[in-house]
1. Tell me yes or no: at least one residue of the range 59-77 is buried (at least 16 other Cβ atoms within 10 Å of the Cβ), touching a Ser or Thr at 6+ places or on another chain (Cβ under 9 Å) and closer than 30 Å to I108 by Cα.
2. Quick one: in the range 42-51, of everything that is touching a strand residue (DSSP E or B) at 6+ places or on another chain (Cβ under 8 Å) and not hydroxyl-bearing (S, T, Y), which residue is surrounded by the fewest Cβ atoms within 10 Å (Cβ to Cβ)?
3. Which residue out of G102, G76 is under 25 Å from L23 (Cα atoms) and not assigned by TED's automatic domain parsing to the domain that holds T38?
4. Check the range 31-38 and report whether any residue there is in contact with a Gly (Cβ under 6 Å, 6 or more places away or on another chain) and farther than 30 Å from A115 by Cα.
Amino acid sequence: MIGDLLSLVGLGLGLPVYLIGALLYSADKKMVPTEVVTVYDESSTKLRWYAAGDIYERPVRPDEHDYLRDRDYRVGFVKPRHPAIMRLEPQRQITSICLTLGKTLVIIGLAGFLASLLPLFGNS
């Protein structure tokens, strides 16, 4: 009974979560590193980078100030097909969370499935 519940919850939730993590990972792995320079204007702080034969620029987001402390340049990550999109972190945290949680739930689901098969072979 408990094995059935564990397999239902583990596989029912684990497989979709792992699939989402795998899709996010496939989108993140195609990003290539590039140098990003911090430009200080009188009104704002901007990031500039060179990718695919052109120079791109965007303002610094509020959550990115921690990455830029005491440095004028950093390594950023861009997609070759969309070089105007740049991130400072190589991989999203949600990707690792989904992959780890999905693997854990799938293992629990498989263990529950095997536990639910034990009564079939117990008293023959």
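1. No; the residues of the range 59-77 include none that is buried (at least 16 other Cβ atoms within 10 Å of the Cβ), touching a Ser or Thr at 6+ places or on another chain (Cβ under 9 Å) and closer than 30 Å to I108 by Cα.
2. K46
3. Details: G76 fails: not assigned by TED's automatic domain parsing to the domain that holds T38.
Sole residue among the options that is under 25 Å from L23 (Cα atoms) and not assigned by TED's automatic domain parsing to the domain that holds T38: G102.
4. To start, the set of residues in the range 31-38 that are in contact with a Gly (Cβ under 6 Å, 6 or more places away or on another chain) comprises 34, 36.
Those still in the list that are farther than 30 Å from A115 by Cα too: 34, 36.
There is at least one residue in the range 31-38 that is in contact with a Gly (Cβ under 6 Å, 6 or more places away or on another chain) and farther than 30 Å from A115 by Cα.
The values are calculated or read from the model by the stated rules, or taken from the named source; none is laboratory data. Being a predicted model, the structure only gives us computed values, none of them experimental. Cβ coordinates were reconstructed from backbone atoms using ideal geometry, including for glycine residues, and neighbour counts include every protein chain displayed.
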